[in-house]
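To keep things clear, I will list the structure first and then write my remarks on it.
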Amino acid sequence: MGRPDFHRRNPRVPPMPITTTTRPRIPDYVTFRLGESMIYVTPVESFSEAADYALSVFPDDLRGVSKEQISFTTVTNLNGGEVKKEIGIDAKAWRVLMTRLHDGHIINVHVRPKIIINDVPYDEDPPNYDNHPQYVSQQEERASSSQDTQGKPSGSGSNSRSTSRSSSRSSSRSPSPSPSVRERAKDWLVRRLTD
């Protein structure tokens, strides 16, 4: 037996079809639906253009609505057509999705609520605890206790070195805020909110 001749055609096997790259078909028209209103439109290339298009074809219903508030969904059959599910359309998926739709496919138009954040001016600044009497008295106590520890006579030998190192370390650190400061701030905030 010799080597098989791959160049000879086998009459039982049909030749491979020649594939050409063609642009996917975009439907001739789709249906935009907003509430009970429906209108046939020609598909557009991008999500942004579709939002502009929706604003132009539903001018009365979308008066005062910005383009950023517009979103789209479509109804898709799942589980072999047994279940219908409304699915949102992302801006990046718009172009690909248009190639998968049939003529007249319904695209639902939705309006997302507009979120407005107003800066509320404060009628007064929060209190300054540096001048609060309780905070001042705590600072004075800390200062007097640090003077007492620095004024103590130091022992001799290795103990004096370790004592001087630890006192220099502790005096170089900044004091952390006491829990009572946090509690006072919390109390002030609660009083402000309940008034």
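The values are calculated or read from the model by the stated rules, or taken from the named source; none is laboratory data. Computed from a predicted model, the values in this text were never measured in an experiment. Reconstructed Cβ throughout: ideal geometry from the backbone, glycine too, with neighbour counts over all protein chains shown. Ligands, DNA and RNA are excluded from the accessible area calculation, which covers all protein heavy atoms including side chains. Shrake-Rupley method; radii C 1.70, N 1.55, O 1.52, S 1.80 Å.
Considering only residues that are within 27 Å of the chain's Cα centre (by Cα) and either closer than 16 Å to residue 38 by Cα or open to solvent by 90 Å² or more (accessible area, probe 1.4 Å) (or both), which ones fall in region 72-89?
Passing the criteria: 72, 73, 74, 75, 85, 86.
Would you confirm whether or not region 50-69 contains a residue that is outside any helix (DSSP H, G or I), of a type in the set (Phe, Trp, Tyr) and closer than 16 Å to residue 98 by Cβ?
Checked region 50-69: no residue is outside any helix (DSSP H, G or I), of a type in the set (Phe, Trp, Tyr) and closer than 16 Å to residue 98 by Cβ.
Taking interchain pairs and intrachain pairs at least six residues apart, which have beta carbon atoms under 8 angstrom, with the first residue in region 88-108 and under 16 Å from residue 67 (Cα atoms) and touching a residue at least 40 places away in the same chain (Cβ under 8 Å) and the second in a strand (DSSP E or B) and among the β-branched types (Val, Ile, Thr)?
From residues that are under 16 Å from residue 67 (Cα atoms) and touching a residue at least 40 places away in the same chain (Cβ under 8 Å), the pairs are 89/73; 89/74; 89/107; 108/73; 108/74; 108/75.
For region 80-105, which positions are charged (D, E, K, R) and farther than 18 Å from residue 41 by Cβ?
Correct list: 82, 84, 85, 86, 90, 92.
Report, by residue number, each residue of region 58-71 that is open to solvent by 60 Å² or more (accessible area, probe 1.4 Å) and within 21 Å of the chain's Cα centre (by Cα).
Correct list: 67, 68.
Residues that are open to solvent by 100 Å² or more (accessible area, probe 1.4 Å), in contact with a Ser or Thr (Cβ under 8 Å, 6 or more places away or on another chain), modelled with pLDDT of 90 or more and not hydrophobic (A, V, I, L, M, F, W, C): does region 100-118 have at least one?
yes
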